[in-house]
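The values are calculated or read from the model by the stated rules, or taken from the named source; none is laboratory data. A quick note: this is a predicted structure, and the numbers were derived from the prediction, not measured. Neighbour counts run over all protein chains shown; Cβ positions are idealised from the backbone, glycine included.
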Amino acid sequence: MTRNGESVQLPVDKIVAGDIVHLKSGNIVPADTRLLEATRFKVDNAPVERSGKPMVTNVGPVEAVNNVALMGAKVVEGLGVGVVIRTGNRTVSANARWSPGNV
């Protein structure tokens, strides 16, 4: 991850909004993250949104739902770089109900 322009490794509980995370296949997304770059990037948000299938995630407008990787989702394909937008109990997975309007 990147913080203040420097590459660092931090435990999940030390990640804050604004940190830049680098994601690759096999990673678990450490916080709700808005994608800035993506290369053939797919995440499985099923544990969070109960959809049951991986979601193709793309870089897009801020209001787009498909450019967010949710905390706890597994990266199933590709590479992504994103900015952390929510952590801990403020994440979508910490809330009982998820809908695209909540992201």
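Could you run through the range 21-50 and say how many residues are hydrophobic (A, V, I, L, M, F, W, C) and more than 13 Å from Val68 (Cα to Cα)?
The first filter runs over the range 21-50 and keeps only residues hydrophobic (A, V, I, L, M, F, W, C), leaving 21, 23, 28-29, 31, 35-36, 38, 41, 43, 46, 48.
Add one more test, that the residue is more than 13 Å from Val68 (Cα to Cα), and what stays is 28, 46.
Adding up the residues that qualify gives 2.
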Exercise for the section: Go through the range 20-76 residue by residue and tally those that are of a type in the set (Val, Ile, Thr), at pLDDT below 70 and part of a loop (DSSP other than H, G, I, E, B). Expected result: 3
Completion exercise
Filter the range 78-97 for residues that are outside any helix (DSSP H, G or I) and at pLDDT below 90; the one that is surrounded by the fewest Cβ atoms within 10 Å (Cβ to Cβ) is Ala96
